[in-house]
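The values are calculated or read from the model by the stated rules, or taken from the named source; none is laboratory data. None of the values given here were measured: they were computed from a predicted structure. Quick reminder, even Gly has a Cβ in these numbers, built from the backbone with ideal geometry, and neighbours come from all protein chains shown. The protein model used for the area step is the full one, side chains on, heavy atoms only, and it has no ligands, DNA or RNA in it. Shrake-Rupley method; radii C 1.70, N 1.55, O 1.52, S 1.80 Å.
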Amino acid sequence: MIDVLPGLRRTTFENGLELVTEKNPAQRSASFAWLVPGGTAHDPPEHGDGWGTLLSEYLLRGAGSRDSRAFSDALDRIGARRSVVADTYHQRISATVPGEHVTTLLDLMIDLFRRPMFPEDALDAVKALCLQELEGLEDDPAHLTAIRLDEVRYPPPFDRHGLGVEDHLRGADRGRLAAHWDRICTPKGSILAIAGDVDHDRVVDHLANGLADWQGEVTIPEPAGPARGGGCCIDRETAQVHLGIGLPGLIARDPDTLPFRIAVGVLGGGTVVTVYGSGFAETAEAHCKFGGESALVVARLVAHGTLECSSPRPSSSGYVLLEVSMNAGVTATFQPIAVSTFGWGSDELAAVNFLSAALSIVVSLTMAQLRLPERGQASVAALLYLSAVLVYTAAPLAEWRLVV
């Protein structure tokens, strides 16, 4: 067991499974990311291009003793928001639950990848979803451009986009998919990361008991030849031109990979920013705005109270306000430096939000009772709102002067 940073702990089990946890006392929920070997680079090239994506859908159709409906209900009862995505090397199983349900979710996740049902009657529906996504490429020229770029700049088997080949998807059967999953789903190469309200030692004990008989190792995919290189031109009758350019970079194991990626994100945009809060509606179209001059960026609801969005290319250096909108109207403003510097947790943020809402109600009721002339109402409203803003920002401004 190795303690790397305060709150960050790591354990490597005898079977090769890596566990990393980070406890955050301010959080009442825990977010999981379990990487299990089985990504698109493991797909059999002769007949299984797309199996990784098929499995990411198929795994959710029942596990252990629970069929698809029962398994989904079990996750819903503990408030788990979950997803399974096929990455290059791994199947990425993500979930978020209240802290008291961490061990319950662990049991369900173990069933998910160790004892999947793979019901025969669900396979056609899984295939239909994957084929629909593959066919939709023609309607998304930006995505198609990125895929074709990867095909020429990466060596096989990393040049595959993961959506698969139509014949391979249609020809997949339950027996071969199950056998493929049994072969590649091994503890060696698996990584479990949990952040938030988590007890590391409790998780270690629970996994040691639940995975005592899990053994095995799968060969990590390696380049099977050089990248094709060159260029590719796709003619389409569209009003736009999409251009993709790939340049040499650093591989993941290079010690300079992290600063390289940070520099690319800062200089070119595209850094994924995670926003935690409340009031994020699942059906709403969420947007983020970075600073006063940038355009709205589409955000994605990844879990209850959690949004992700990609930063645009910056026009200048320095701190910027991050604003979140559910319907193109700003509903919440976040000051990242204030939160990170002052150590505000969810309780402090909730108190500030409550105070701002209460002040807004007081202003509205006061104006209704005064019954002043129109010009007088405008003047009084302006003074009341100015007072509200001063009260609302007094504590942060006082602390801000200490920082500056």
Checklist outcome for this item: With the convex hull built on the alpha-carbon atoms of segment 164-321, volume per residue in Å³ sits at 279 Å³
Checklist outcome for this item: Cα pairs beyond 18 Å in segment 164-225, in percent, come to 60 percent
Checklist entry - residue 188: which lysines have alpha carbons under 18 Å from its alpha carbon, excluding same-chain residues fewer than 8 sequence positions away? => result none
Item to check | Fully extended contour minus Cα-Cα distance, from residue 70 to residue 151, at 0.36 nm per residue | outcome: 25.1 nm
Checklist entry - Stokes-Einstein at 4 °C, 1.567 mPa s, Kirkwood radius from Cα pairs: D for segment 236-278 in µm² s⁻¹? => result 95 µm²/s
Checklist outcome for this item: Over all pairs of different Cα atoms in segment 1-83, the reciprocal of the mean inverse distance gives a Kirkwood radius in Å of 16.0 Å
Checklist outcome for this item: One quarter of the C-alpha convex hull surface, i.e. the mean projected area of segment 7-49 in nm², amounts to 4.8 nm²
Checklist entry - What FRET efficiency, computed as 1/(1 + (r/R0)^6) with R0 = 35 Å and r the Cβ-Cβ distance, is obtained for residue 262 and residue 217, rounded to the nearest 0.05? => result 0.60
Checklist entry - According to a simple spin-label model (label point 7 Å from Cα along Cα-to-Cβ), what is the distance in nm between residue 142 and residue 319? => result 3.0 nm
Checklist entry - Where the convex hull is taken over the Cα atoms of segment 200-258, what is its projected area averaged over directions, in nm²? => result 9.9 nm²
Checklist entry - Assuming R0 = 45 Å, what is the FRET efficiency of residue 183 and residue 354, from their Cβ-Cβ distance, to the nearest 0.05? => result 0.25
Checklist outcome for this item: Expressed to two decimals, segment 129-186 has a Cα Rg over Rh, using the Kirkwood radius, of 1.04
Checklist outcome for this item: In whole percent, the fraction of accessible protein surface over segment 163-238 that belongs to carbon or sulfur atoms, probe radius 1.4 Å, stands at 48 percent
Next on the checklist: Suppose we look only past 22 Å in the calculated P(r) of segment 112-237. What percent of the Cα-Cα pairs does that tail hold?
Outcome noted: 59 percent
Checklist entry - Assuming R0 = 22 Å, what is the FRET efficiency of residue 247 and residue 83, from their Cβ-Cβ distance, to the nearest 0.05? => result 0.10
Next on the checklist: With every atom except the alpha carbons ignored, what do you get for Rg and Dmax of segment 99-145, in angstroms?
Outcome noted: 17.1, 45
Checklist entry - Once the whole set of protein chains is in place, how much accessible area is left on residue 188, using a 1.4 Å probe, in Å² to the nearest 10? => result 90 Å²
Checklist entry - Per 5 Å bin, what is the whole-percent P(r) computed from every C-alpha pair distance within segment 55-171? => result 2, 10, 17, 19, 17, 13, 10, 8, 3, 0
Next on the checklist: Run the numbers for residue 204 and residue 362: contour at 0.36 nm per residue of separation, minus the present Cα-Cα distance, in nm.
Outcome noted: 51.8 nm
Checklist outcome for this item: Once 219, 104, 53 are ranked on solvent-accessible area with the largest value leading and a 1.4 Å probe, the list reads 219, 104, 53
Next on the checklist: Rolling a 1.4 Å sphere over the protein heavy atoms, what is the accessible area per residue of segment 156-254, to the nearest Å²?
Outcome noted: 64 Å²
